[in-house]
Structure formats: structure tokens, C-alpha cells
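Here's the structure we're looking at; comments come further down.
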Amino acid sequence: MASRPEVVAPPEIFYDDAEARKYTSSSRIVQIQATLSERALELLALPDDDVPKLLLDIGCGSGLSGETLSENGHHWIGLDISASMLNVALEREVEGDLLLGDMGQGLGLRPGVIDGAISISAVQWLCNADKSSHNPRLRLKAFFTSLYKCLANGARAVFQVYPENIDQRELILNAAMHAGFAGGIVVDFPHSSKRRKEFLVLKCGQRSVNASMLSRSKNEDGESCSDEDSEDEENQTVCISDRHRPRKKPKKNNKSGKGKEWLLRKKEQMRKRGNVVPPDTKYTGRKRKDRF
Amino acid sequence: MRLLTHNMLSSNIKGVVNGFPLRIEAEKVVEKTVEMNGEFLKKMFEKIDWKAFVDASWAMGYTELPEEADSSMLDSDEFLNRFHHALLELHLEEGALVCPETGRRFPVNKGIPNMLLHEDEV
Ligand SMILES: C[S@@+](CC[C@H](N)C(=O)[O-])C[C@H]1O[C@@H](n2cnc3c(N)ncnc32)[C@H](O)[C@@H]1O
């Protein structure tokens with residue numbers, strides 16, 4: 001295995017013209033990034049209404065991840081620090097708009113306008129101090145704080161990351177939580193060193209932070225990428241460090257609403273805050289008939 | 001870069017209070033036809049800052065947008081077509097985006113705005 005690119009050079013140097021081309025012409029990488037992006041998009045849990053969304057792709061590179069967003073009908077804005085990677089994206093005529101920028105400097109976007117964000121194999125770069133002026137903690141803070149602001153209420157951000165170690169994972173997660181996000185880490189294929197993939201799933205805003213947030217973990221079927229080992233018995237997903245829920249909850253149908261328990265709890269909270277809330281009756285939170 | 005993106009972007013320079021909207025200096029504008037999606041346009045209409053959008057479209061040489069707009073106009077196909085065209089089909093290919101507060105220019109080359117900040121701007 002080659003050493004981690006993050007320790008070789010800063011991203012704008014590492015991803016030069018040659019590396020950008022090499023990266024994007026490897027069918028293995030193309031395949032892996034597409035699979036990761038599909039999964040990230042799934043974890044974004046966008047409303048199933050067939051209306052295209054405005055999404056961000058952070059560290060979009062040559063547009064491999066963004067392409068998945070386009071294929072699913074969404075508009076996207078991609079940000080990357082490597083001009084060479086973006087040039088390859090131009091050559092490939094990606095549909096998203098591209099910005100040359102450094103996520104560690106924060107995102108310059110208006111508040112509340114973005115419907116969701118993905119970032120594939122990029123955020124771990126922020127843990128490095130590539131310049132004397134760089135402080136990873138501050139850069140992560142600038143990034144997550146600005147991301148939180150530009151997301152619409154209730155929107156999610158999903159990051160597939162390769163943290164170098166537990167400390168890095170904690171560093172990233174803490175920065176996200178401090179910025180106001182709720183959420184945690186979803187691990188696919190936890191017992192396979194090769195296939196193990198981590199996704200940081202973050203949610204913005206007060207609404208329904210905990211309900212079924214991380215309970216959607218799925219069991220992957222055995223479909224494996226060409227170069228990967230297939231350890232079928234290990235094809236599963238676990239959640240670690242979920243800040244809001246100690247253990248996985250049984251699968252819930254998203255569309256069936258939040259349930260009576262949740263409602264009663266919410267109403268109690270609202271009462272405690274001094275709001276006027278209708279009394280609880282036997283009708284509270286009951287199942288409604290379909291209207292059509 | 002399309003006006004969709006321009007309408008979401010603001011200047012991120014340290015100390016700048018209102019970095020929106022970035023003024024457009026257009027040297028080259030290109031048009032690319034894309035399919036229209038009325039539902040998307042309706043959703044975007046709620047988010048778009050209309051004044052900034054109209055000014056930006058003028059800077060790009062497109063002058064068909066009404067100066068004021070409200071959601072009832074979304075029922076008109078003519079309006080939708082214009083909105084769609086300005087939002088998604090005009091691309092700023094070469095030029096610059098200028099911070100409204102500091103006058104700092106962010107160059108746009110091959111359609112990509114360079115939003116990298118200098119160290120003293122972070
Ligand atoms: C492994 S590539 C992934 C690219 C793309 N998401 C994909 O799935 O193919 C990581 C990308 O993150 C970008 N990156 C690293 N640090 C960054 C930063 N501080 N700001 C913006 N992009 C960054 C790199 O330039 C590189 O293009």
C-alpha cells in the first residue's frame with residue numbers, strides 16, 4: 001500500500017496535473033468513488049419528491065462524486081483546492097458549477113440556501129497543518145461553522161472520511177458537534193480492513209434530530225467491487241459514537257411519521273418552555289387514514 | 001459559473017459584514033441549453049435574492065427579467081422560461097466577482113471563480 005496522500009504533500013500540491021489525470025483515469029478509483037457517492041447520497045435522505053435539489057460537493061476533485069449527484073437529477077456546486085483536479089472536471093464536462101477554494105477557510109455561502117452536502121474522501125485533509133498559519137482545529141471549525149450556516153434547516157451533510165486514527169476521527173467529530181450539528185458515524189463493512197468505510201452523517205437544525213437518524217443502516221448485499229474481498233458474513237453496517245442514541249433502533253419506516261411517544265415528549269418539552277400546547281387526548285398522535 | 005451559484009455566493013473575507021452580492025465583471029458569457037424543471041424553479045424562487053439576480057443578469061447582458069417578481073408569476077410560462085434561462089443557462093466564463101465591501105476581485109477563469117483567500121484575509 002502506498003502511504004497516505006495526506007502525509008505526502010498539501011492537497012493543492014499533491015493533486016497536480018499528473019496526479020489529477022492518474023486519479024481520474026483509474027477505473028478502480030472511478031468505481032470506488034461512485035459507490036461511495038451513491039451511499040453518501042442515500043444517507044443524505046433527501047425528500048423523495050422528485051424535485052431536484054441544490055447540493056454541495058466539498059472537495060469535489062475531478063467531479064467523480066458530483067457525477068453521481070447529476071445522475072440522480074440534482075444541481076450541485078463543487079469546491080476544491082486543486083486547480084488541476086478542477087481542470088480535469090472541466091474536461092469531463094461535469095454539470096455542476098466549480099469553485100476553486102479551501103474548505104478550511106470556511107464557505108462563503110448565503111445562510112440556509114443549500115439542501116444538502118456530500119464530501120467524499122476529502123475532509124481528513126483538514127487534519128493536517130500544511131502551512132505555519134494552519135491550525136487544524138481552527139480550520140475544521142471555520143469549515144463546519146460555515147457549512148452549518150449555509151444548510152437549510154433539517155438538511156444533512158454526509159462525509160466519507162479516511163481518518164488516520166481515532167484522534168483524527170474525534171477531532172473531526174468534535175468540530176462538527178461544536179458547530180451545532182447532530183449526528184454520528186456510520187461504518188459500512190466494519191470488520192473488513194479493506195472494505196471498511198466510514199461516513200460522518202450530520203444533521204442541521206432543531207427539527208427531529210434523533211428520530212431514525214442513524215437507524216437506517218442497511219445490510220449490504222454481497223456485491224463487491226472488483227478488487228475487494230467479499231467477506232459476506234461481515235457485510236453489515238454499525239454505528240459508532242452516535243451522540244443521541246446509545247444503540248441502533250429497529251428499522252422504522254421514515255414516512256410513517258414520528259409516532260405517539262415522540263409527539264408526547266415534544267409536547268412536554270414545549271410546555272416546559274412555556275408554550276401553549278393542546279392537551280394530550282386519546283387522539284394525540286393516532287394513526288391517520290390515508291386521504292386518497 | 002451559473003447565476004444559480006452566483007446568487008448563493010458571498011465574500012468570505014475576514015471582517016466583511018455583508019459580502020453579498022458579489023458584483024459581476026463579465027468578459028465572456030456562454031450559453032448552454034438545459035432542460036427546464038418547473039418544480040425546481042419554484043423551489044429556487046423562494047431562495048433566490050431577486051434584486052441580486054436581476055442585477056447579475058444585467059451584468060451578463062441579459063435584460064429580460066422583471067425588476068420585481070412575486071410567486072404568482074410562476075404560473076406564467078413566459079416568466080418561467082426567462083427565469084430558467086437566466087438561472088441555469090448563462091455561464092460566466094471569464095471575468096471576475098468583486099466583493100461589495102472591500103472591492104477585492106475574485107478572478108473567474110474557464111468558468112471557475114477563484115475564491116481562495118490570502119492569508120491575511122482569513
Ligand atoms: C481523494 S480526492 C476526492 C475527490 C472527489 N470527491 C472524488 O470522489 O473523486 C480528495 C479531494 O479533496 C480536495 N481537498 C483536499 N483538501 C481540501 C481543502 N482544504 N479544500 C478543498 N478541497 C480540498 C483535494 O484537492 C482532492 O481533489
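Values quoted throughout were computed directly from the atomic coordinates according to the rules given, and no laboratory measurement underlies them. Predicted model, so just to flag it, every value in this text is computed and none were measured. Glycine also receives a Cβ, built like all others from the backbone with ideal geometry; neighbour counts cover every protein chain displayed.
Quick one: in the stretch A:92-144, which of the residues that are within 11 Å of the ligand (Cβ to nearest atom) and acidic (Asp, Glu) is surrounded by the fewest Cβ atoms within 10 Å (Cβ to Cβ)? In this case the residue turns out to be A:ASP130. Among the residues making up the stretch B:12-22, those that are within 13 Å of the chain's Cα centre (by Cα) and either within 7 Å of chain A (Cβ to nearest Cβ) or hydrophobic (A, V, I, L, M, F, W, C) (or both) are B:PHE20, B:LEU22. Within the stretch A:139-178, being outside any helix (DSSP H, G or I) and closer than 23 Å to A:LEU54 by Cα holds for A:LEU151, A:ALA152, A:ASN153, A:GLY154, A:ALA155, A:ARG156, A:ALA157, A:VAL158, A:PHE159, A:GLN160, A:VAL161. For B:ASP55, the test of being surrounded by fewer than 18 Cβ atoms within 10 Å (Cβ to Cβ), acidic (Asp, Glu) and within 23 Å of A:ILE114 (Cα to Cα) is passed. Taken as a whole, the structure places B:LEU9 among residues that are crowded, with 18+ Cβ neighbours inside 10 Å and facing chain A (nearest Cβ under 9 Å). Residue count for the stretch A:9-21, restricted to those that are within 12 Å of the ligand (Cβ to nearest atom) and assigned to a helix (DSSP H, G or I): 6.
Within the stretch B:75-100, the residues that satisfy the criterion of being free of Cβ contacts under 8 Å to residues at least 60 places away in the same chain and surrounded by 16 or more Cβ atoms within 10 Å (Cβ to Cβ) are B:PHE79, B:LEU80, B:ARG82, B:PHE83, B:HIS84, B:HIS85. The residue that is nearest to the other protein chains (Cβ to nearest Cβ), among those in the stretch A:145-169 that are hydrophobic (A, V, I, L, M, F, W, C) and within 13 Å of the ligand (Cβ to nearest atom), is A:LEU147. Could you tell me whether any residue of the stretch A:27-38 is within 13 Å of the ligand (Cβ to nearest atom), within 14 Å of chain B (Cβ to nearest Cβ) and within 23 Å of A:VAL186 (Cα to Cα)? No: zero hits. For the stretch A:42-54, indicate whether the set of residues that are assigned to a strand (DSSP E or B), within 26 Å of B:PRO113 (Cα to Cα), in contact (Cβ under 8 Å) with a residue 60 or more places away in the chain and under 19 Å from the mean Cα position of the chain (by Cα) is non-empty. Taking every residue of the stretch A:42-54 in turn, at least one turns out to be assigned to a strand (DSSP E or B), within 26 Å of B:PRO113 (Cα to Cα), in contact (Cβ under 8 Å) with a residue 60 or more places away in the chain and under 19 Å from the mean Cα position of the chain (by Cα).
Total residues in the stretch A:69-83 satisfying the condition of being closer than 22 Å to A:ASN153 by Cα, in contact with a strand residue (DSSP E or B) (Cβ under 7 Å, 6 or more places away or on another chain) and within 11 Å of chain B (Cβ to nearest Cβ): the figure is 6.
Would you check if there is a residue in the stretch A:171-185 being touching a residue at least 60 places away in the same chain (Cβ under 8 Å) and within 16 Å of A:SER37 (Cβ to Cβ)? Within the stretch A:171-185 (the criterion being touching a residue at least 60 places away in the same chain (Cβ under 8 Å) and within 16 Å of A:SER37 (Cβ to Cβ)), the answer is no, since none of the residues qualifies. Looking across B:GLU78, B:GLU31, B:GLU27, one residue alone is more than 28 Å from A:LEU90 (Cα to Cα), of a type in the set (Asp, Glu) and away from every other protein chain (no Cβ under 13 Å). It is B:GLU78. Taken as a whole, the structure leaves A:PHE181 outside the set of residues that are within 12 Å of another protein chain (Cβ to nearest Cβ) and of a type in the set (Phe, Trp, Tyr).
Of the set (1) touching a strand residue (DSSP E or B) at 6+ places or on another chain (Cβ under 8 Å); (2) free of Cβ contacts under 8 Å to residues at least 40 places away in the same chain; (3) more than 13 Å from every other protein chain (Cβ to nearest Cβ), all apply to A:LEU140 but (1).
A Cβ distance below 9 Å, combined with a sequence gap of six or more or placement on separate chains, defines the contacts here; from the stretch B:34-60, residues that are farther than 12 Å from A:VAL51 by Cβ and within 8 Å of another protein chain (Cβ to nearest Cβ) reach residues that are of a type in the set (A, V, I, L, M, F, W, C) and not in a helix (DSSP H, G or I) in the pairs B:LYS47/A:LEU54; B:LYS47/A:VAL113; B:LYS47/A:ALA152; B:LYS47/B:MET8; B:ASP49/B:PHE20.
Checked against (1) surrounded by fewer than 22 Cβ atoms within 10 Å (Cβ to Cβ); (2) farther than 28 Å from B:TRP50 by Cβ, A:TYR148 meets all criteria but (2). Which one is farthest from the other protein chains (Cβ to nearest Cβ), of the residues in the stretch A:92-117 that are in contact with a Cys (Cβ under 9 Å, 6 or more places away or on another chain) and within 21 Å of A:GLN33 (Cβ to Cβ)? Applying the filter and picking the extreme gives A:ALA117. Applying the condition of being farther than 26 Å from A:GLU42 by Cα and assigned to a loop (DSSP other than H, G, I, E, B) to the stretch A:118-136 and asking which residue is nearest to the other protein chains (Cβ to nearest Cβ) yields A:SER133.
Inside the stretch A:54-68, residues that are more than 11 Å from the ligand (Cβ to nearest atom) and more than 8 Å from chain B (Cβ to nearest Cβ) make up a count of 2.
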